[in-house]
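As structure tokens, the structure follows; a few thoughts come after it.
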Amino acid sequence: ANDSPGQVEAQLQVVQKLEEKERGLQSALGAVEKELALRSQALELHKRKAVEAAQLAEDLRAQGEHVQARLRELQVCAAENRAAKDKESLSLKRAQ
């Protein structure tokens with residue numbers, strides 16, 4: 001090997017610098033992967049909450065429709081009662 005000791009030293013320093021750089025990149029990559037995992041978890045949680053909210057909205061809509069239908073029934077019933085009462089009081093007046 002015709003490399004002088006100074007050259008070998010310089011090459012070793014280059015290699016060391018590259019290794020340090022690689023370690024830095026590896027730890028940065030690890031941090032990014034951890035961040036990504038956390039964000040994925042948060043996304044899944046939000047998706048689940050969105051599904052639950054949609055289900056709740058659907059349940060409430062169905063309940064609302066049921067209540068409206070019941071209200072219409074009661075309105076019809078009340079109208080029929082009123083008509084029957086009016087008829088009754090009319091025939092009562094005629095009898096008097």
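Two decimals is fine: what is log10 I(q)/I(0) at q = 0.18 Å⁻¹ for the chain, from a Debye sum with one equal scatterer on every Cα and no solvent?
Debye curve over Cα of the chain, log10 I(q)/I(0) at q = 0.18 Å⁻¹: -0.97.
Convert each backbone phi in the stretch 9-14 into a coupling constant with the Karplus relation 6.51 cos²θ - 1.76 cosθ + 1.60 (shift: θ = phi - 60°), then list the ³J(HN,Hα) values in order as whole Hz, x for Gly and Pro.
Karplus-based 3J(HN,Hα) across the stretch 9-14 equals 4, 5, 5, 4, 4, 4 Hz.
Work out, step by step, the length gained on full extension between Q63 and A37: first 0.36 nm times the residue separation, then minus their alpha carbon distance; give nm to one decimal.
5.4 nm
Quick one: pull the percent of accessible area on the stretch 30-78 belonging to carbon and sulfur, 1.4 Å probe, ligands and nucleic acids left out.
Carbon and sulfur together cover 63 percent of it.
Can you give me the distance in nm between label points at V15 and L90, each placed 7 Å from the Cα along the Cα-to-Cβ direction?
11.3 nm
Applying 1/(1 + (r/R0)^6) with R0 = 41 Å to the Cβ-Cβ distance of K47 and Q7, what FRET efficiency is obtained, to the nearest 0.05?
0.10
The values are calculated or read from the model by the stated rules, or taken from the named source; none is laboratory data. If you're wondering where the values come from, they're calculated on a predicted model, not measured in any experiment. We place every Cβ from the backbone using ideal geometry, glycine too, and count neighbours over all the protein chains shown. Quick note on the areas: whole protein, heavy atoms, side chains included, nothing else; ligands and nucleic acids left out. Shrake-Rupley method; radii C 1.70, N 1.55, O 1.52, S 1.80 Å.
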